[in-house]
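Read through the structure below, which is laid out as structure tokens, and then see the notes.
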Amino acid sequence: MSKKKILGDFQTPVQLARNVISRLFADGIHWERILEPTCGQGNFIRVCIEQGASVREIIGLELQQSYVEKSKRISSETVQVSIYQQDIFDLNLATSLQWNTLSPLLVVGNPPWITNAEQGRLNGKNLPRKSNFQKLSGLDAITGKSNFDIAEAVWLKLIREFVNDPVTIALLCKTSVARKVAQFVLDNELHVNSMSLYRIEAQRWFNVAVDAGLFALELNQGDISYDVAEFDNLLDARHTRTFGFHGRKIVADLDSYRQVESLEGTSQLIWRQGVKHDAAKVMELTYRDGILRNGYGDLVEIETDYLYPLLKSSDLQSICLGFVPRKYVIVTQKKVGQQTVHLRDHAPKLWRYLNSHTDQLDSRKSSIYKNAPQFSMFGIGEYSFQPYKIVVAGFYLPARFVVVSGYQGKQILVDDTCYSLSFDEEWEARLICALLNHPAVSKFLTSITFADSKRPITKGVLERINLKAVYDQVNIDKLTNSTTDSYGKSVNCDRRNVEIQLRLFEGDE
Ligand SMILES: C[S@@+](CC[C@H](N)C(=O)[O-])C[C@H]1O[C@@H](n2cnc3c(N)ncnc32)[C@H](O)[C@@H]1O
């Protein structure tokens, strides 16, 4: 089973292959040459012979011998089929293959969907060669990342190798991979003239719960365009939306974005990601009936000076006036990098508790902990301890912004799935929160984010909201008289405060 997983070995059902090929050929090009770079047992090849009347030559490559033998059994009177046992990361796909003609080429298939991190856990090594990779602009950025999809590496390899040829590449992949490929194409200003994403039901065809589709990209066959037509279904005649770019920034729905484009800019206030400690079972405690327990269910007795109420993304969805925090977080530092040894004297019980969990705390994987003081955490600073915050969850759309203040005299913190703005004055927090909850901002955020991404709201997304532009568009009297915050409490900010806030924005420009 693990070999199957490492190689991303999920053969495409024949009916899905038929839908893919009929979609591609219906869109007009009469390809004579087909390359299936990871052909498996050859379902795409069979269907190309069956349905692609123009097809004359097919080359299929595959790593696993049993599949190579199966694919070699495919025969046709009209099409020349050549199957090779080959690791695609070991050759240049544009220059190493022997074709009889130079007629239009379609690269079609379904590369492995596994990530390098999942592979690593299974001790797999089916990866692009670093030596090849590092020479490529933008590609080293991928292999340098701790986690990337092998399919993304296959896509970028194909694009780079066919960069000067008139080629269509159409592969089944995760929608997140398609978006990264589109961003790569734009960042490198490649000659791409058409991109389309046709969603498929991955659960039905492959029994996996991911958002996926057929991503098709045409290279060197017309005027450059970086817009991506998105179809809800493989067989739909019309696309439902278009995603693309504003400058270098991705936009999920260009039509609705154009209506709120004026809000695009740079936030005048600094968004912060919540606290990060990578040791939830040790650092996050629940409090019930006067007893603190950690994630192992152990009773914990520590100095409460270092404990703060903690909200997570899911808490923010249901938060209302009078809420009681479910969790508390141990805060070992006031700012990033601060030494922690003073806790030995100032909080001896906490010090003992942390030392009894050095197994978990000292083995935290992320490199940020490497040269940091023992028991370090991230996402903390003066802003963590300001009295008012606007908080928002990273996991949910539409974004809901909420003002929180203290709980029983302690500032409320959010975890690293959430983002916040901090304030000293309540009215400021409430004014900005009312601006952020304005329908125009909601529309803006929905237009630039993808509902199927794991974390649609990120620091990068929030930083794109130009608060001054929102302010200028909003009917401020209506806002100050009738807007309520997310608890249902009315916003108390009179014109004078609003004017002060406006000047504050202008001063920042
Ligand atoms: C998702 S399956 C798809 C198979 C076939 N394309 C289809 O659509 O039915 C991925 C295939 O890629 C093959 N594969 C994985 N890594 C490879 C590599 N480095 N070179 C060539 N083939 C590879 C696997 O053995 C597997 O058959």
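The values are calculated or read from the model by the stated rules, or taken from the named source; none is laboratory data. Source: prediction; values computed, not measured. Glycine gets a Cβ as well: all are built from the backbone with ideal geometry, and neighbour counts include every protein chain shown. The area values use the complete protein model at the heavy-atom level, side chains included, leaving out ligands, DNA and RNA. Shrake-Rupley method; radii C 1.70, N 1.55, O 1.52, S 1.80 Å.
Ratio to report: Rg/Rh of the stretch 167-323, with Cα atoms as the point set and Rh obtained by the Kirkwood method; give two decimals.
Working: Rg = 23.1 Å, Rh = 20.1 Å.
We get a ratio of 1.15 for the stretch 167-323.
Compare the peptides 234-245, 378-389 by average per-residue count of other Cβ atoms within 10 angstrom and give them in order, highest first. Mind showing how you got there, number by number?
On the way: 234-245: 14.6, 378-389: 18.6.
The densest-packed peptide leads the list: 378-389, 234-245.
So for the chain, what percent of the C-alpha to C-alpha distances run longer than 35 Å?
Values: 60799 of 129286 pairs.
Value for the chain: 47 percent of Cα pairs lie more than 35 Å apart.
Which value, in nm² and rounded to one decimal, describes the direction-averaged projected area of the C-alpha convex hull of the stretch 272-508?
Mean shadow area of the hull around the Cα atoms is 14.0 nm².
Radius of gyration (Cα atoms) of the stretch 2-251, expressed as a multiple of 2.2 N^0.38 Å: 0.94.
Filter LYS5/LYS312; LYS5/LYS459; LYS327/LYS389; LYS249/LYS335; LYS389/LYS454 down to the pairs with a C-alpha to C-alpha distance above 26 Å, please.
Working: LYS5/LYS312 32 Å; LYS5/LYS459 33 Å; LYS327/LYS389 18 Å; LYS249/LYS335 31 Å; LYS389/LYS454 24 Å.
Beyond 26 Å between Cα atoms: LYS5/LYS312; LYS5/LYS459; LYS249/LYS335.
The solvent-accessible area of HIS342, taken with every protein chain present and a 1.4 Å probe, is close to 60 Å².
Taking 12 Å as the straight-line reach from the Cα of LYS180, the aspartates and glutamates in range (excluding those fewer than 8 positions away in the same chain) are ASP149, GLU152. With r defined as the distance between the Cβ atoms of SER356 and PHE323 and R0 fixed at 30 Å, what FRET efficiency is calculated, to the nearest 0.05? After rounding to 0.05, the efficiency reads 0.40.
Considering the zone a paramagnetic label at ILE368 would reach in this model (a point 7 Å from Cα along the Cα-to-Cβ line), which residues of the stretch 253-295 have amide N under 13 Å from it? Label zone hits: 272-279.
Helix 14-26: angle to the longest alpha-carbon principal axis of the chain, degrees 0 to 90, nearest 10? That works out to roughly 80 degrees.
Compute the signed sum of charges (Lys and Arg +1, Asp and Glu -1) over the other residues within less than 9 Å, Cβ to Cβ, of VAL79.
Numbers: positive: ARG56; negative: GLU57, GLU77.
Net charge around VAL79: -1.
Stretching the chain fully between ASP187 and GLN15 yields a gain of 58.4 nm (0.36 nm per residue, less the alpha carbon separation). Each other residue within a Cβ distance under 15 Å of HIS346 adds +1 if Lys or Arg and -1 if Asp or Glu, for a net charge of +1. With respect to the chain, whose longest principal axis is taken over its alpha-carbon atoms, helix 495-508 is tilted by about 50°.
How much mean residue ellipticity at 222 nm does the chain get from its helices, if each DSSP H run of length 4 or more adds -39500 (n - 2.57) and you divide by all residues, to the nearest 500 deg cm²/dmol? Present the calculation step by step, with values, prior to reporting the outcome.
Numbers: 22 runs with 166 residues, N = 509.
So the calculated ellipticity at 222 nm is -8500 deg cm²/dmol.
The local environment of ARG364, defined by Cβ-Cβ distances under 11 Å, has a net charge of 0 under the rule Lys, Arg +1 and Asp, Glu -1.
Sorting 400-407, 343-350, 326-333 by their mean Cβ neighbour count within 10 Å, with the most densely packed peptide first, gives 326-333, 400-407, 343-350. Across the stretch 1-81, the relative contact order, built from alpha-carbon pairs under 8 Å that are at least six residues apart, equals 29 percent.
The value of relative contact order for the stretch 272-508, using C-alpha pairs under 8 Å at least six residues apart, is 21 percent. Calculated FRET efficiency, GLN51 to ASP289, Cβ-Cβ distance, R0 = 60 Å: about 0.35 to the nearest 0.05.
For the stretch 18-125, what number results from the quotient of the Cα radius of gyration and 2.2 N^0.38 Å? Display every interim value, and only then the final one.
On the way: Rg = 14.5 Å, N = 108, 2.2 N^0.38 = 13.0 Å.
Rounded to two decimals, the normalised Rg is 1.11.
So how far, in whole Å, is the C-alpha centre of the stretch 188-258 from the one of the stretch 308-383? Distance between centres, Cα-based: 41 Å.
By how many nm would the segment from ASN164 to ASP305 lengthen if fully extended, with 0.36 nm per residue of separation less the alpha-carbon distance? Show your work: numbers first, answer last.
Values: separation 141, 0.36 × 141 = 50.76 nm, distance 6.33 nm.
Using 0.36 nm per residue and subtracting the Cα-Cα distance, I get 44.4 nm.
For the chain, DSSP calls about 65 percent of its internal beta bridges antiparallel.
Measuring nothing but how far apart in sequence close Cα pairs (under 8 Å, 6+ apart) lie, relative to its length, the chain scores a relative contact order of 11 percent.
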